[in-house]
Amino acid sequence: MAGPSAECPSYKLYYHFGEFAGRGEPVRMLLHLTGAVWEDSCREKQVCGPAEVKQHLVECGEVKGQPLLFPPTLVDHTMSPPIAITQLPCIMQYLGEKHGLAGNSLQDRTRALQIAMTWNDLLAEAMTAFHPVKLNESYQSQKAEAQPFIEKFLASRLSTFLQFFEDNLKINDGGRGFMIGSSLSFADVAILNMLRGYRGSASQHFQDNQEIPLLKALETRLEEEPGIKSFLGSDRTVNKFLDSFC
């Protein structure tokens, strides 16, 4: 799918507009892989800020009465009435389960969710490190204050997460294929976007890191997967990972 369709969308993604990938990017990639018609609602309407996105969704009335949290929020218009899904790992699991991108066994589906949830934990810690003064303000506004927190995160916390992902990949066919099972899943989308965020936020650290050879090789393979390659070459990606690992 090269771009937005004139058809009514099956899904609408609500994530605040800006020139950064953020937590909306893995959902964009996964939506592209489903082959469904989807709308990047707030990007197209240039709605900025988490509170504004939530208010926009409330005012449009698509999911009236449903509980909403922070973006990203996915609205599934194939359901009647449409339903809203929040929390990044839940969105990814939901799309994966609906579109054959979640693994073929209970064990694989559980491991996929475990990987996505652990990645979400990594993002939460990175966000705190890059925004130690005010979480909702930009990294650039607190760059000097953030530096010692970033250094501590990179030195003492990041390796724990990376080793977990490396070990998960290794137990699946020696790390020669995918994160789980024998085909692409939302766990691969999670890890690819984790690596994109790592490279963009701490490029020298990423380059110097010799402890994750399997993950780096996976990144290269995934970028050549037809659906992912198509997404990365389209106008639907926001390929700007500036800080905070997302």
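The values are calculated or read from the model by the stated rules, or taken from the named source; none is laboratory data. Quick caveat, the model's predicted, so the values are computed rather than measured. All Cβ positions, even for glycine, are placed from backbone atoms using ideal geometry, and neighbour counts span all protein chains on display. Quick note on the areas: whole protein, heavy atoms, side chains included, nothing else; ligands and nucleic acids left out. Shrake-Rupley method; radii C 1.70, N 1.55, O 1.52, S 1.80 Å.
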Of all residues making up the range 87-108, the number that are free of Cβ contacts under 8 Å to residues at least 12 places away in the same chain and under 10 Å from LEU30 (Cα atoms): 0
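If you go through the range 14-41 one residue at a time, how many are open to solvent by 10 Å² or more (accessible area, probe 1.4 Å) and of a type in the set (Lys, Arg)? If you could, list the steps in order and put the result at the bottom.
Kept after step one, since they are open to solvent by 10 Å² or more (accessible area, probe 1.4 Å), are these residues of the range 14-41: 15-20, 23, 32-37, 39.
Checking which are of a type in the set (Lys, Arg) leaves us with 23.
Residues that pass the stated criteria total 1.
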Number of positions in the range 64-86 that are without any contact (Cβ under 8 Å) to a residue 24 or more places away in the chain and in contact with a helix residue (DSSP H, G or I) (Cβ under 7 Å, 6 or more places away or on another chain): 3
Top-ranked residue of the range 165-185 - restricted to ones that are farther than 16 Å from LEU122 by Cβ and part of a helix (DSSP H, G or I), ranked as least open to solvent (accessible area, probe 1.4 Å): GLY175
Members of the range 12-71 found to be within 13 Å of ARG236 (Cβ to Cβ), aliphatic (A, V, I, L, M) and over 16 Å from the mean Cα position of the chain (by Cα), listed by number: ALA36, VAL37
Residue that is surrounded by the most Cβ atoms within 10 Å (Cβ to Cβ), among those in the range 186-233 that are in contact (Cβ under 8 Å) with a residue 60 or more places away in the chain and among the β-branched types (Val, Ile, Thr): VAL189
Total residues in the range 101-156, condition buried (at least 18 other Cβ atoms within 10 Å of the Cβ), of a type in the set (Val, Ile, Thr) and more than 13 Å from ALA187 (Cβ to Cβ): 1
Selection count where residues are aliphatic (A, V, I, L, M) and within 20 Å of the chain's Cα centre (by Cα), scope the range 72-82: 2
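Restrict the check to the range 109-131 and report whether at least one residue is in contact with a strand residue (DSSP E or B) (Cβ under 8 Å, 6 or more places away or on another chain) and part of a loop (DSSP other than H, G, I, E, B). Quick ask: steps written out before the conclusion?
Here is the first cut: in the range 109-131, the ones in contact with a strand residue (DSSP E or B) (Cβ under 8 Å, 6 or more places away or on another chain) are none.
No; the residues of the range 109-131 include none that is in contact with a strand residue (DSSP E or B) (Cβ under 8 Å, 6 or more places away or on another chain) and part of a loop (DSSP other than H, G, I, E, B).
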Among the candidates THR78, THR86, THR34, residue that is of a type in the set (Val, Ile, Thr), at pLDDT 95 or above and closer than 19 Å to ASN136 by Cα: THR86
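Which is farther than 26 Å from LEU33 by Cα and within 16 Å of the chain's Cα centre (by Cα), of ALA126, ALA144? Working first, answer last.
Details: ALA144 fails: within 16 Å of the chain's Cα centre (by Cα).
After ruling out the rest, the residue left standing is ALA126.
Mind listing whichever residues of the range 71-97 are exposed (fewer than 15 other Cβ atoms within 10 Å of the Cβ) and either over 14 Å from PRO9 (Cβ atoms) or of a type outside the set (Val, Ile, Thr) (or both)?
First, pick out the residues of the range 71-97 that are exposed (fewer than 15 other Cβ atoms within 10 Å of the Cβ): 78-81.
Within the range 71-97, MET79, SER80, PRO81 qualify.
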